[in-house]
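**Q** Sending over a structure as structure tokens; questions will come in a sec.
The values are calculated or read from the model by the stated rules, or taken from the named source; none is laboratory data. Owing to the predicted nature of the structure, the values given are computational and were not obtained by experimental measurement. Because the Cβ atoms are built from the backbone with ideal geometry, glycine has one as well, and the counts that use them run over all protein chains shown.
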Amino acid sequence: MNREEVQGQLSLYSARKREILPVDLLLQKVIAQAKALNIPVSEHINPSVRINKRATGRFGACFANKRNGTFLIEISDVLLTAHPKACCQTLAHEVLHTCYGCQNHKKRWHRYADMMNQAYGYTITRTESPERLGVEGKNVVRYVVECTQCGAEIPRARRSRLVEHPEDYRCAKCGGQLALKKPEENKE
Ligand SMILES: [Zn+2]
Ligand SMILES: [Zn+2]
């Protein structure tokens, strides 16, 4: 399901103000859930979930350390106050990436996601939206205009005249020429 398809739908999980979720405990719960279905999640997942406070446009990420074969799960801080199920669902999405041949969103990953969805009532999908998770979206920086002289950066969430024609503008700090930096790749 992509972003567009869920626009306008009611969110699955209502966001209530509540305590900060114990994400490390929830990670263990999700790992146990996967193992109960014989999903071969890695035995080397860092027990400490990394909390991302920046606006990256993603809710979770799974980083593989190729040198020692361990995995680090990261979630956005907006999930700390979300409905526990929204948090667990995001953790589950990422935990499945630790399975053999699942560093993508292809068949094998999908099969495991379906198993988790059926067994535990999750709705793990390839991409998530703030609406579906019942959390506030952050203003995502999609464009960065950079001064070619002093390196000052101007982040922008949307296309604008500055983004489309940075050469028409000058750096406010040093008067240098501006250029659009290549957008950062988004890992999910
Ligand atoms: Zn400058
Ligand atoms: Zn993913």
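**Q** Quick check, is Thr98 within 14 Å of ligand 2 (Cβ to nearest atom), within 25 Å of Gly69 (Cα to Cα) and hydroxyl-bearing (Ser, Thr, Tyr)? So that I can check it myself, show each step before the final result.
**A** Details: within 14 Å of ligand 2 (Cβ to nearest atom): yes; within 25 Å of Gly69 (Cα to Cα): yes; hydroxyl-bearing (Ser, Thr, Tyr): yes.
In short, yes.
**Q** Based on what the data block shows, is Ile51 in contact (Cβ under 8 Å) with a residue 40 or more places away in the chain and of a type outside the set (Ser, Thr, Tyr)?
**A** no
**Q** All but one of (1) surrounded by 15 or more Cβ atoms within 10 Å (Cβ to Cβ); (2) touching a Gly at 6+ places or on another chain (Cβ under 8 Å); (3) farther than 16 Å from Leu26 by Cα hold for His83; state the number of the condition that does not hold.
**A** Just one mismatch for His83, condition (3).
Conditions (1) part of a helix (DSSP H, G or I); (2) closer than 16 Å to Tyr112 by Cβ, marked per residue:
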site	(1), (2)
Thr56	no, no
Ala64	no, no
Leu79	yes, no
His93	yes, yes
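**Q** Of all residues in region 77-93, count the ones that are over 18 Å from Arg126 (Cβ atoms) and within 11 Å of the chain's Cα centre (by Cα).
**A** Qualifying residue count, region 77-93: 2.
**Q** Can you name the residue in region 164-188 that is modelled with pLDDT under 90 and more than 15 Å from ligand 1 (Cβ to nearest atom) and, of all such residues, is surrounded by the fewest Cβ atoms within 10 Å (Cβ to Cβ)?
**A** If we take residues in region 164-188 being modelled with pLDDT under 90 and more than 15 Å from ligand 1 (Cβ to nearest atom), then Glu185 is surrounded by the fewest Cβ atoms within 10 Å (Cβ to Cβ).
**Q** Give the number of residues within region 94-112 that are buried (at least 21 other Cβ atoms within 10 Å of the Cβ) and in contact with a Ser or Thr (Cβ under 8 Å, 6 or more places away or on another chain).
**A** 1
**Q** I've got another one for you. For Gly137, state whether it is in a loop (DSSP other than H, G, I, E, B), within 23 Å of the chain's Cα centre (by Cα) and more than 16 Å from ligand 2 (Cβ to nearest atom).
**A** yes
**Q** Within region 58-72, how many residues turn out to be away from ligand 2 (no atom under 11 Å from the Cβ) and under 14 Å from the mean Cα position of the chain (by Cα)?
**A** Looking only at that region, the number is 2.
**Q** Checking Glu128 against (1) exposed (fewer than 14 other Cβ atoms within 10 Å of the Cβ); (2) within 16 Å of ligand 2 (Cβ to nearest atom); (3) not hydroxyl-bearing (Ser, Thr, Tyr), only one condition comes out false. Which one?
**A** Here Glu128 clears every test but (1).
**Q** Within region 147-156, is even one residue of a type in the set (Asp, Glu) and either in a strand (DSSP E or B) or free of Cβ contacts under 8 Å to residues at least 12 places away in the same chain (or both)?
**A** Scanning region 147-156, I find at least one residue that is of a type in the set (Asp, Glu) and either in a strand (DSSP E or B) or free of Cβ contacts under 8 Å to residues at least 12 places away in the same chain (or both), so the answer is yes.
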